[in-house]
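Below you'll find the structure, written out as structure tokens, and then a few comments.
The values are calculated or read from the model by the stated rules, or taken from the named source; none is laboratory data. Source: prediction; values computed, not measured. Note that each Cβ is placed from the backbone with ideal geometry, even for glycine, and that neighbours are counted across all protein chains shown. All accessible areas refer to the heavy atoms of the entire protein, side chains included, with ligands and DNA or RNA removed. Shrake-Rupley method; radii C 1.70, N 1.55, O 1.52, S 1.80 Å.
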Amino acid sequence: MPVGEAELLRALHDEHAAALQNFVVRLTNGDRARAEDVVQETLLRAWKNPKVLDQSAGSARAWLFTVARRIVIDDWRARRSRPEVITAEPPEQRVDDLASRVVDRALIDTAVAALSAEHRAVLRETYLRGASVSQAAQALGIPPGTVKSRTHYALHALRATLEQMGALS
Amino acid sequence: MTGEDRFAHLDAAYVLGTLDTDERREFAAHLSECDDCAASVASLEEVGRLLGSASPEAFADDAIQYEPSDLLLPRLLSAVREQRRRRRWLVSGAAVLAAACLVLVTTLLVRTTNSTPSSPAGHPLAMTAVVDSPVSASAEVTAVSWGTKITLHCSYESSFDYPPGATYDLVVTDRQGSSQTLGSWQVTPGKQISYPSGTALTKDQIASISITTGSGTALLRLKL
């Protein structure tokens, strides 16, 4: 293999493999080996598709996330098995709805987990636990003004991450 | 603190619904006057909606980060190496095929010049590759009283890694577009075989003759 191509593959791996693994593990119910197979297939498809590599890193990542998600969903369909959250034998349309809900959850979980610990904490207090600004300020030991501004930075950081992953319409 | 600064960071708390009633009302009123804040709130709405699907565990202090194993990169590199190797095979396979065709054409020319023009046997006609494959073939197509006699001459590259138990089918398509399989045979790498076959279709009715894999992929075709 020419040196340049090996380098290209290595760069793809270093830049995107961890982010993809975090996403795909959440689509495979924590099956890390299966997730890694999907990540491998996704990166190989990118490597074979030079147009993807010419894009900016941000849109390349969105492409990779879309491909990874398709591989997993096609696999669900092919095995006629459903993601674990689905227990009954629902009609095709509902399977698609549920699959897209599972994908949404994996996307947002990946993005939240990728935030800084401080940003995650402020969202945990205000959003998840439904605390008021002053309650959150007390719980986190910071002034109320900081709760508001930190919420602002956290949510904008989350938006940027989701956008990179191609998760926003 | 000026009015603008006071509102600058309230977009997210507003979207998530964590402002107290007074501040919420004030900010809502401000939104109708401030395009920047309105745009910022709009840009966060989908994020707020997606947050509704998140798992509580994702917000944990020590949210889990999954690292791919150290084996991923070596596996990627060797997968690519394997694919390049296979592609090289296909390319060299095509070269062998081209050489084989040249021999065939030469043979045909010699045979044609030597044979009597009224020979009832069909001349072997080289089949054209539909996809890259390690197989080359020619077909003799002869009109007979009961229909059409077809004799295939097939040769397989020996170095190719055929799937064990691979079989090929001979398929004839008529001018109406319907196909029939005339028979199947096993692949014998490195050897040449002749496969005699026939159909009740008259030669005029036959549009094409194909060799397909057991799973239905056409490898070679001869249009009549």
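Residues with beta-carbon under 14 Å from that of residue B:152, excluding residue B:152: net charge, scoring Lys, Arg +1 and Asp, Glu -1? Kindly include the intermediate steps, with their values, before the conclusion.
Working: positive: B:149, B:191, B:221; negative: B:140, B:169.
So the surrounding residues net to +1.
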Mind listing the phi-derived Karplus ³J(HN,Hα) values for the range B:69-79, rounded to whole Hz, using 6.51, -1.76 and 1.60 with θ = phi - 60°, and x for any glycine or proline? 6, 5, 7, 4, 4, x, 5, 4, 4, 6, 5
Under a 5 Å amide H to amide H cut-off, with H placed in plane at 1.01 Å, what residues pair with residue A:114 once short-range neighbours are removed? none
In whole Hz, what ³J(HN,Hα) sequence does the range A:63-73 give by Karplus (6.51, -1.76, 1.60; θ = phi - 60°), x for Gly and Pro? 4, 4, 5, 5, 5, 4, 5, 5, 4, 5, 5
Amide hydrogen neighbours beyond the local backbone of residue B:224, cut-off 5 Å, H modeled: B:208, B:209
Run the simple label-point estimate for residue B:32 and residue A:146 please: 7 Å along Cα→C-beta, distance reported in nm. 3.6
Cut-off under 5 Å, modelled amide H: who pairs with residue B:166 long-range: B:187
SASA check, residue B:128, accessible area w/ 1.4 Å probe, all protein chains in place, rounded to nearest 10 Å², comes out at 90
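Counting Lys +1, Arg +1, Asp -1, Glu -1, what net charge surrounds residue B:47 among other residues with beta carbon under 13 Å of its beta carbon?
Working: positive: A:159, B:49; negative: A:104, A:163, B:11, B:45, B:46.
Cβ neighbours under 13 Å give a net charge of -3.
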Starting from a Cα-only point model with no solvent, please compute log10 I(q)/I(0) by Debye for the range A:109-164 at q = 0.22, 0.24, 0.28, 0.31 1/Å. -0.75, -0.87, -1.09, -1.25
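From the convex hull of the Cα coordinates of the range B:143-199, what is the mean projected area in square nanometres? Write out the running numbers ahead of the final one.
Details: hull surface 18.9 nm².
Projected area, direction-averaged: 4.7 nm².
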If the cut-off is 28 Å between C-alpha atoms, which lysines fall inside it for residue B:191, apart from same-chain ones fewer than 8 positions away? B:149, B:223
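Using a Förster distance of 41 angstrom, determine the FRET efficiency expected from the C-beta separation of residue B:57 and residue A:5, and round it to 0.05. Show your work: numbers first, answer last.
Numbers: r = 39 Å, r/R0 = 0.96.
Step by step, r from the Cβ atoms, then E = 0.55.
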Apply 1/(1 + (r/R0)^6) to the Cβ-Cβ distance of residue B:158 and residue A:160, taking R0 = 56 Å, and write down the FRET efficiency to the nearest 0.05. 0.45
Taking beta carbons within 10 Å but only from partner chains, what does the mean come to for residues B:43-49? 5
Based on the Cα gyration tensor of the range A:3-81, what are the three equivalent ellipsoid semi-axes, each the root of five times an eigenvalue, rounded to whole Å and given largest first? 23, 13, 11
Descending principal axes extents, chain A, alpha-carbon based, whole Å: 57, 48, 28
The distance between the Cα centres of the range A:1-75 and the range B:62-83, in whole Å, is 10
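At a Förster distance of 25 Å, what's the computed FRET efficiency of residue B:144 paired with residue B:217, Cβ-Cβ distance as r, to 0.05? Could the numbers behind the result be given before it?
Details: r = 30 Å, r/R0 = 1.20.
For R0 = 25 Å, the calculated efficiency reads 0.25.
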Per-residue accessible area for residue B:50 at 1.4 Å probe radius, Å² rounded to 10? 10
Hey, what do the phi angles of the range A:148-160 turn into as Karplus ³J(HN,Hα) couplings, whole Hz, using 6.51/-1.76/1.60 and θ = phi - 60°, x for Gly and Pro? 5, 5, 5, 4, 4, 5, 5, 5, 5, 5, 4, 5, 4
